[in-house]
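Every number in this text was worked out from the coordinates using simple rules, so none of it is lab data. Every value quoted in this text rests on a predicted model; they were computed, and no experiment measured them. Glycine also receives a Cβ, built like all others from the backbone with ideal geometry; neighbour counts cover every protein chain displayed.
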Amino acid sequence: MNYKSIILVLTVVLIWGVNFSIIKIGLKELPPILFSALRFTVVAIPAVFFIPFPKTSIFNVIGVGLFLGILQFSFLFVAMKTDASAGVSSLILQTQVLFTIVLSAFIYKEKATKSQSIGIIVAILGFSLFFYNTGGNITTKGLILIVCAAFFWAISNVIMKRIESINLLYFMVWVSIIPPVPLMILSYVLESQEPITLISIATENTWLSVMYVSYMSTLIGFAIWGWLLKNNSAAVVTPFALLIPVVGMVTSSLILSESLSLIEIFGTGLIMLGLLLCVIGSKIYGYLFNRLLTILSS
């Protein structure tokens, strides 16, 4: 991965890490599915009337719109409403890293290196601690919902990786036209029969939340993420997403006064170690091996 890609992936990490606390603010006044419908409506309109359809199959647009727009965010937002804190949500959602690497290996025959494999195992051990500590920051229901959301994100990653060279900003605008109507219908059936009233009484903070999630997180964030997946191996790009919880937890601590239990801190540490092994594990092994040779030869 070159320096340009590293800078871009760290930018996405910052945008998406802060995003979880911003979502929590918006969910104080809006039900989760309605909130998700609004974020895609804001992205799509009026941009879709001025931006040409991307040079790709309509099925790619529908696929990402379905798995990323409708399924992933619906499951995530429903969990975050009452069943998961912002910080822990940012962490558990990164099981998408594991799902993406496995799906890419199965579909595209991408092979993870030995250090990446070890890193994945360490990260899974860290994630497993959260399954034994549901309660304060996340319920069992919230945990299941967010893991499902992560799987849908991984499917979207795989779809975006197969797309030919296109303008990904255009692509995300057209993807955003898919979710609003289905989500509005789901919201009407499951949440409230008065969506217009809820939208009309939303405060400035809620609308700022919608705007950030729409433009920064959805449009800019996923456009960059798609470019990174297209130009780099999924096994190299996706582990960086494990840095998102660091930003997410720091932000949620500062903005929402959230805190972690001791076992959650330990689990987070294992996940971060797994990331380190995935990204620069081979360099660490090479350095240690060279040091050992130097010591033995002296």
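A few comments on the model shown:
- Signed unit charges on C-beta, dipole axis of the chain, positive-most listed residue Ser259, Ala86, Ala150: Ala150
- At full extension, Met211 and Lys109 could sit 32.9 nm farther apart than now, given 0.36 nm per residue minus the alpha carbon distance.
- Simple spin-label estimate for Ile45 and Glu204 in nanometres, 7 Å along Cα-Cβ: 2.5
- Ser57-Thr294 FRET efficiency (beta carbon distance; Förster radius 41 Å; 0.05 resolution): 0.15
- Phi-based couplings in Hz for segment 48-58 (Karplus 6.51, -1.76, 1.60; Gly and Pro marked x): 4, 7, 10, 10, x, 5, x, 7, 8, 5, 4
- Degrees, to the nearest 10: 262-297 long Cα axis against longest axis of the chain: 30
- Binned Cα-Cα distance frequencies in the chain - 10 Å width, integer %: 7, 28, 35, 21, 7, 2, 1, 0
- Pairwise Lys count, the chain - Cα closer than 28 Å, eight or more residues apart or different chains: 27
- Potential lengthening between Ser261 and Ile196 on full extension [0.36 nm per residue; Cα-Cα distance subtracted]: 19.4 nm
- Dimensions (Å) - segment 180-282, Cα atoms, principal axes, largest first: 55, 38, 25
- Segment 114-212: GluC sites (Glu not before Pro) in DSSP coil with no more than 13 other Cβ atoms inside 10 Å: Glu164
- Folded to 0 to 90 degrees: helix 244-256 orientation relative to the chain principal axis, Cα: 50
- From most to least packed by mean Cβ count within 10 Å, the peptides 145-157, 32-44, 101-113, 245-257 give 32-44, 145-157, 245-257, 101-113.
- Straightening the chain between Ile121 and Val102 buys 5.6 nm, computed as 0.36 nm per residue apart minus the Cα-Cα spacing.
- Förster-model FRET efficiency, 22 Å R0, Lys4 and Ile220, C-beta, rounded to 0.05: 0.85
- Between the amide H of Asn167 and those of Lys55, distances stay under 5 Å, these residues lying 5 or more places away or on another chain, with hydrogens modeled in the peptide plane.
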